[in-house]
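In what follows, a single structure is set out as structure tokens and then discussed.
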Amino acid sequence: MAKGRKRRRGGWIEPEQITLELTDMAYEGHALGRNGEEVVFVEYGLPGEKVVAELFKRQGGVAFGRVVEVLEASPHRIEAPCQYFGMCGGCHWQHITYEHQLELKRHVVAEQLRRIGKFAEQPVNPVVPAEDPWNYRNHIRMSAGRHGDIGFVRRGTHRFLPVERCLIAHPAINEVVTKLQGKGAGLHQVEMRIGANTGDLMVLPDMREREPSMPDGRKVYTDALHGHVFQISAPSFFQSNTRQAERLVDMVRERLQPQPHELLLDAYAGVGTFAALFAGEVREVIGIEESPAAVADARVNCAAFTNVRYLEGKVEAVLPELDEPIDAAILDPSRQGCHPEVIDAILRLAPPKLVYVSCDPSTLARDLRLLVDGGYDLIDVTPLDMFPQTYHIESVASLRAGPGLTRQV
């Protein structure tokens, strides 16, 4: 650190500008460079660029900054189309061509498998792209300003940023944003969710007194995947990109190859997406989910099937109690990945076919290492671009029980 620079709490420092050559892209969307012996993670950069970066934090032996000037640009750099890019923080990669975003996401997944999972070879397939890398988000939560404007909070601050239109939001959500501008005074947040395949709109809180064209304040809406209608309540998770969620279902089905005689385990089962769509193809589905709201939705979504059994509770508490042969399993955990007791239970149950759906390549790599060390063979990992213009990556890993893995039930 230069003489006179003071380190603040949490590693924050007074702004300091340096020139960097960026050599790689790290997970969480930062380009990587070196300032002498110091590793620097830089926002809004690209590998192959020479930039001026402004450092704002030093922590854990590394520095963090953002690009303030591009001296030598990558051929993959473009002008971000959104006027709020770099301010709202929702998008990280609008400055990168979409084709190169896909290449970088595949690279990041492979690097996490190499670095964290210690896989000498990384069987990572090309990323499945989105048909439209814009207008896809079916769920947006926005803040309200003191004058009633609707918008976001500026990245890294608590300051309000009025927003007229979000380029990655579904058009129906942007219509709501337009209608509610100037009408949010006194509110903290406004949540908007749209069923992309049903047109069902939910806006919370109830805004009808402020804008009569808004839907009623009910806390449940519907969306559909492959023709099956799902009830989703306000606290429940549902994929934010409906079209890619349908592709995700197809990818899981292709890897599982469900059979009529099989018992399928759906762990972290949510509102019953996989359970409902696969119930007609297997003998029975056991779903495990800890969220009471999601379980209530799932019971509605799976009501037409007599062969779906839903168990409410933490997967790490419920799964170790199962004592019946599982033929195929889906693991679809949150960003934190699987609890160690879940991995242990899977290795004990040893389902011959296993698909791991992940939204975080670092915890995916960690858990795949444990599964492979326990006797599974990793077939491949296929990233799916559920979140274009951001660094977030959805992946589908396919595993098969190895010859040395035996059931202990």
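Read-outs: derived from the displayed coordinates by stated rules, not from any lab. All of these numbers come straight from a predicted model, not from anything done at the bench. Positions of Cβ are generated from backbone atoms using ideal geometry, with glycine treated the same way; all protein chains shown enter the neighbour counts.
Quick notes
- Once the C-beta distance of Asp323 and Glu164 is scaled by a Förster radius of 35 Å, the resulting FRET efficiency is 0.05 to the nearest 0.05.
- Among Gly270, Gly151, Gly199, the largest mean-square fluctuation in a Gaussian network model of the chain, built with springs joining Cα atoms closer than 10 Å, belongs to Gly199.
- Set of aspartates and glutamates near Lys118 by C-alpha distance (under 18 Å), chain-local residues within fewer than 8 positions excluded: Asp360, Asp367, Asp373, Asp377, Asp380
- Rough spin-label spacing in nm, given labels placed 7 Å along Cα→Cβ, for Glu16 and His261: 6.7 nm
- Amide N of the stretch 357-389 lying under 16 Å from the label point, which is placed 7 angstrom from the Cα of Ala120 along Cα→Cβ: 373, 378
- Secondary structure note: in the chain, about 70% of the DSSP beta bridges are antiparallel.
- The distance between label points at Gln83 and His226 comes to 4.3 nm (points 7 Å beyond Cα on the Cα→Cβ vector).
- Restricting the trypsin sites (Lys or Arg not before Pro) of the stretch 2-101 to loop positions (DSSP other than H, G, I, E, B) with no more than 15 neighbouring Cβ atoms within 10 Å leaves Lys3, Arg5, Lys6, Arg8.
- Phe305-Thr23 FRET efficiency (beta carbon distance; Förster radius 51 Å; 0.05 resolution): 0.45
- Mean Cβ count within 10 Å, highest first, over the residues of peptides 95-105, 391-401: 391-401, 95-105
- The GluC sites (Glu not before Pro) of the stretch 32-96 that DSSP puts in a loop, and whose beta carbon has at most 15 other beta carbons within 10 Å, are Glu37, Glu79.
- Anisotropy class assigned to the stretch 9-77 is prolate, per the alpha carbon gyration tensor with a/c at or over the 1.5 cut-off and a/b larger than b/c.
- Computed extension length for Asn35-Gln189: 51.4 nm, one decimal, from 0.36 nm per residue of separation with the Cα-Cα distance subtracted.
- Whole-Hz ³J(HN,Hα) from phi, Karplus 6.51 cos²θ - 1.76 cosθ + 1.60, for the stretch 174-187, glycine and proline x: 5, 5, 5, 4, 4, 6, 8, 4, x, 10, x, 4, x, 8
- The stretch 239-292: relative contact order as a whole-number percent, Cα under 8 Å and 6+ apart: 35 percent
- Mean separation of Cα pairs under 8 Å and 6 or more residues apart, divided by the residue count, gives the chain a relative contact order of 12 percent.
- Residue-count net charge about Tyr98 - beta-carbon cut-off 12 Å; Lys, Arg +1, Asp, Glu -1: -4
- Stretched out straight at 0.36 nm per residue, the stretch from His107 to Asn135 would grow longer than its current Cα-Cα span by 7.6 nm.
- Using a simple spin-label model with pseudo-atoms 7 Å out from Cα toward Cβ, Arg218 and Val409 lie 3.8 nm apart.
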